[in-house]
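A short worksheet on the structure shown next.
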């Protein structure tokens with residue numbers, strides 16, 4: 001079982017790194033499923049985060065500065081729809097590699113999404129995940145992204161992933 005965790009300070013390029021790896025795996029014909037949470041900007045200011053499946057079929061708001069919610073992380077109201085999580089659950093286990101961006105306070109504040117993430121973490125799935133810098137997971141290879149290494153890491157992580165997928169066959 002493959003476990004790769006990508007972590008680092010905010011804005012360093014963790015999501016970009018994960019997307020490069022996922023896109024290269026898909027290009028090589030390796031099935032990848034999961035989700036990522038890109039920021040949304042309006043007039044140059046971050047107004048929230050979306051949640052999107054890698055195949056582009058699922059997209060919804062994760063959190064934004066508008067609306068109201070019982071859960072607030074910083075200035076963001078966490079508003080993810082239960083139906084969206086259900087769709088993610090139906091699709092995510094169909095691939096040989098699961099990818100998540102991010103395992104962090106916002107995602108873990110949503111009970112059903114937290115359940116899904118825990119199911120993945122406790123299961124026997126190949127996983128590549130961006131993990132919030134304050135969350136510690138010890139069952140995999142951890143890569144800390146910095147401005148100095150972020151351009152080198154895509155090839156290094158891709159090689160590690162491909163080697164491990166090959167050896168597990």
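Descriptive notes on the structure:
- Between the helical axis of 111-122 and the longest alpha-carbon principal axis of the chain there is an angle of about 10 degrees.
- A Gaussian network model of the chain, with springs between Cα atoms under 10 Å, assigns the largest mean-square fluctuation among 53, 69, 33 to 69.
- Annotation: the residues 100, 110, 135, 73, sorted from fewest to most other C-beta atoms within 10 Å of their own C-beta, follow the order 135, 73, 110, 100.
- Using R0 = 45 Å, the C-beta based FRET efficiency linking residue 86 and residue 146 works out to 0.75.
- Inter-site label distance for residue 59 and residue 94 at 7 Å from Cα along Cβ, in nm: 1.9
- Using a Förster distance of 25 Å, the FRET efficiency for residue 138-residue 167 (Cβ separation, nearest 0.05): 0.75
- Calculated [θ] (222 nm, deg cm²/dmol) that DSSP helices of n ≥ 4 give over the chain, each run adding -39,500 (n - 2.57): -10000 deg cm²/dmol
- Choice from 143, 76, 66 showing the highest fluctuation, given a GNM over the chain with Cα pairs closer than 10 Å: 66
- Three-way shape call for the chain based on the alpha-carbon gyration tensor, with the a/c threshold at 1.5: prolate
- Between helix 14-27 and the chain: long-axis angle, C-alpha atoms, 0 to 90°, nearest 10: 50
- Comparing 111, 38, 154 in a Gaussian network model of the chain where C-alpha atoms under 10 Å apart are linked, the largest mean-square fluctuation is found at 111.
- Each of residue 9 and residue 114 was given a label point 7 Å from its Cα along the Cα-to-Cβ line. The distance between the two points is 2.9 nm.
- Between residue 68 and residue 26, the modelled labels are 3.8 nm apart [label points 7 Å from Cα along Cα→Cβ].
- Relative to the longest principal axis of the Cα atoms of the chain, the long axis of helix 82-92 makes an angle of roughly 10 degrees.
No value in this document is a laboratory result; all are computed from the given coordinates. Everything quoted here is computed from the prediction, not taken from an experiment. No Cβ is skipped: glycine too gets one built from the backbone with ideal geometry, and neighbour counts run over all protein chains shown.
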